[in-house]
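Working notes, beginning with the structure itself.
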Amino acid sequence: MNNKSWNLYLISIVLSTILILAMLNWAIDPFNIFDSKILKKDYQLNERFCKIRYLNSKHSLYNGYIFGSSRVAATPPDLLEKYLPGHKFYNMTVAGCTQYDNLMFLKYFIEKEFNISTLYLQVDIPDVHGFNPLAINQYVRHHPDLTKESILAFYSEFLTSLPLKNFLGKMSLNHSKQPSIKNMRYDIENSGRWYIDHANQLIKNNPEYYISLESSFHEKYKTRNQAGKHLKENINALKEIKKLAQQHKIDLIVFVPPYHHLMMDSFNQHSYIQYLSELSEITDFWDFSSYHPITFNNYYYYSQSYFTPALVKLMLARIFNDTSVEIPHDFGVKVNKNNIVSHLQYKNEEIALRDIKKLESIAAYKTN
């Protein structure tokens, strides 16, 4: 085989490989970029892209938005609409969300003249450990309309990548007939939230059995993380979000969620306290993060990371002063510049007491 024939052979092999890879990516569609729908169940779709694609044509249906990480995914928009008549909310929850993402979304919505009356904004303490994900993982890539990159380059990248884990995960999910408490159903073209149908059914029928299955409930003695390195970036983004909300007459409801007590155990005390302190300088907010009997009650959680709609009902009842819902009097605190010092003093005491109890438990465990 002469050099010319060899070169043509190599070129044909490369082009054939690219074509086969593109066909696989389109057919399997591991991040739901191409909307091929050959495999109906999504393993790990790119929510940032899919939600903007949907809202670009359907934003006129909504005038309120829920912003936050996957922890806010269980918030049903109709619960907010119950307290805010005349609103139609869309849940913009995205995995690994930081205030970078929230600011990106808000700027884009304003630029495209989306109608926004109210923004229900979650401030997530793990923000301090990240800001801009830099598109390392394809499932966190923003829609090119937000980043101003070439749509052709964006699609080309997803057509020619080889996300083997996501290929196998999506194919396995679609061919398995066994329900799992981990499988999520994404409601992109309606509420924006996701559902864990099998987990919801188990929690309804036999919550004790569900709790026994969820391994994260049974971890012991978590150590606290190192101090976060991205607090400043997130605080600056929150300042800009607040400024944009004021300029465009958007009602802003800010809250820190009720973390499971075992997740609270991982928080670096200094970063946690500093984030709350600096947040109070920007805006009033509701703080539900606490070592509280509710956050020790596994019934209100899917796992350490995610709370259920049952807990969302209590949060919203507190925020909107709904006396028809029975809520512990000390669940949720409205924080502002006037009470932040006493609030943080209580937080520090709460953490110190929790750490003492953990040490006592570890000592008793080692003794036995």
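Among the residues of region 88-116, none is identified as of a type in the set (Gly, Ala, Ser) and in contact with a Gly (Cβ under 6 Å, 6 or more places away or on another chain).
Residue-wise test of (1) surrounded by fewer than 18 Cβ atoms within 10 Å (Cβ to Cβ); (2) in contact with a strand residue (DSSP E or B) (Cβ under 6 Å, 6 or more places away or on another chain).
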| site | (1), (2) |
| --- | --- |
| ASN56 | yes, no |
| MET92 | no, yes |
| GLN99 | no, no |
| MET104 | no, no |
| LYS107 | yes, no |
| PHE131 | no, no |
| ILE151 | yes, no |
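Kindly check whether there is at least one residue in region 173-188 that is in contact (Cβ under 8 Å) with a residue 60 or more places away in the chain and either in a helix (DSSP H, G or I) or farther than 30 Å from GLU214 by Cβ (or both). Yes: region 173-188 contains one or more residues that are in contact (Cβ under 8 Å) with a residue 60 or more places away in the chain and either in a helix (DSSP H, G or I) or farther than 30 Å from GLU214 by Cβ (or both). Polar (S, T, N, Q), under 16 Å from the mean Cα position of the chain (by Cα) and assigned to a helix (DSSP H, G or I): does that describe ASN102? So ASN102 fits the description; yes. Scanning region 85-97 for residues that are farther than 15 Å from ILE188 by Cβ and at pLDDT 95 or above yields a total of 4.
If you go through region 109-128 and pick out every residue that is surrounded by fewer than 18 Cβ atoms within 10 Å (Cβ to Cβ), assigned to a helix (DSSP H, G or I) and either touching a residue at least 24 places away in the same chain (Cβ under 8 Å) or of a type in the set (S, T, N, Q) (or both), you end up with 1. Here is the figure for region 292-310: residues that are closer than 24 Å to LYS182 by Cα and without any contact (Cβ under 8 Å) to a residue 60 or more places away in the chain total 6. Right, TYR139: under 18 Å from the mean Cα position of the chain (by Cα), closer than 30 Å to ILE18 by Cα and part of a helix (DSSP H, G or I) or not? Against the criterion (under 18 Å from the mean Cα position of the chain (by Cα), closer than 30 Å to ILE18 by Cα and part of a helix (DSSP H, G or I)), TYR139 qualifies. Regarding ILE250, is this residue closer than 22 Å to LEU103 by Cα and not aromatic (Phe, Trp, Tyr)? So ILE250 passes the test.
The values are calculated or read from the model by the stated rules, or taken from the named source; none is laboratory data. Quick caveat: nothing in here was measured; it's all calculated off a predicted structure. No Cβ is skipped: glycine too gets one built from the backbone with ideal geometry, and neighbour counts run over all protein chains shown.
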